[in-house]
Amino acid sequence: MTRAYRMQARAQSAAETGERILDAAVEVFYERPVDDILLEEVAQRAGVSVQTVIRRYGGKDGLFNAAAEREYKRITSHRDQSAAGDVAEAIRILIDHYEEVGDGVLRMLAEEHRMAAVRKIVEQGREYHQEWCERVFVSVLTGRQGAERMRLLAQLITLTDVYTWKLLRRYRGLSRSQTELALRELLQPLIGGT
């Protein structure tokens, strides 16, 4: 076996270990408050030692930041799959996203005032959601100016927010498909036949 091959195999193994650790961290971060998370549990789920987690990410804050960054990229990549202006597809993808991680996102929103690291992620998520709405609803926002545009954008952001999903899906008990339909019906007066 050549030295270059061994180094490549070692690098690939290290990358896979890093991904397993981040996978485990994301699972745990979506399950419970950040303060309640122990590195031991993340390490156990990833099949590594706590020292490996610390060596790789420098502790809980570093692990949280790395997991959040990777998860942000994954989520935005998924949500950006719909074409600008394709509202039906965008809403389908949005509901898929909320079905997958909505409860975890709500848990993080509840923690944003207690932890600066969580607050930073939540603010990044809010900024992204606004940009997403501006892209998805470009046809209804085009030509609107000032207070009118700001009000319409605020309405679109609110109707597509995770809290709206929570009200429809968790509090009112609608099925996934009924939640998607309800959201499209709520948006209809604002977006017309778009």
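Where a number appears in this text, it was derived from the coordinates with a stated rule and is not lab data. Computed from a predicted model, the values in this text were never measured in an experiment. Ideal geometry is used to build each Cβ from the backbone, glycine not excepted, and the neighbour counts take in all protein chains shown.
As a summary of the residue check, Leu63 satisfies the conditions (1) more than 22 Å from Leu156 (Cβ to Cβ); (2) under 15 Å from the mean Cα position of the chain (by Cα) except for the one numbered (2). Given the criteria of a type in the set (Asp, Glu), over 23 Å from Val34 (Cβ atoms) and under 16 Å from the mean Cα position of the chain (by Cα), does Glu127 qualify? It is false that Glu127 is of a type in the set (Asp, Glu), over 23 Å from Val34 (Cβ atoms) and under 16 Å from the mean Cα position of the chain (by Cα). Scanning the stretch 50-97 for residues that are part of a loop (DSSP other than H, G, I, E, B), of a type in the set (Gly, Ala, Ser) and either in contact with a Ser or Thr (Cβ under 7 Å, 6 or more places away or on another chain) or without any contact (Cβ under 8 Å) to a residue 40 or more places away in the chain (or both) turns up Gly58, Gly59, Ala83, Gly85.
Taking the condition within 12 Å of the chain's Cα centre (by Cα), surrounded by 14 or more Cβ atoms within 10 Å (Cβ to Cβ) and closer than 21 Å to Gln155 by Cα, does Leu141 pass?
Details: within 12 Å of the chain's Cα centre (by Cα): no; surrounded by 14 or more Cβ atoms within 10 Å (Cβ to Cβ): yes; closer than 21 Å to Gln155 by Cα: yes.
No: the conditions fail for Leu141.
Yes or no, residue by residue, for (1) among the acidic types (Asp, Glu); (2) more than 21 Å from Gln188 (Cα to Cα); (3) crowded, with 17+ Cβ neighbours inside 10 Å:
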| residue | (1), (2), (3) |
| --- | --- |
| Gly59 | no, yes, no |
| Ala66 | no, yes, yes |
| His78 | no, yes, no |
| Ala90 | no, no, yes |
| Glu100 | yes, yes, no |
| Val105 | no, yes, yes |
| Arg119 | no, yes, no |
| Arg126 | no, yes, no |
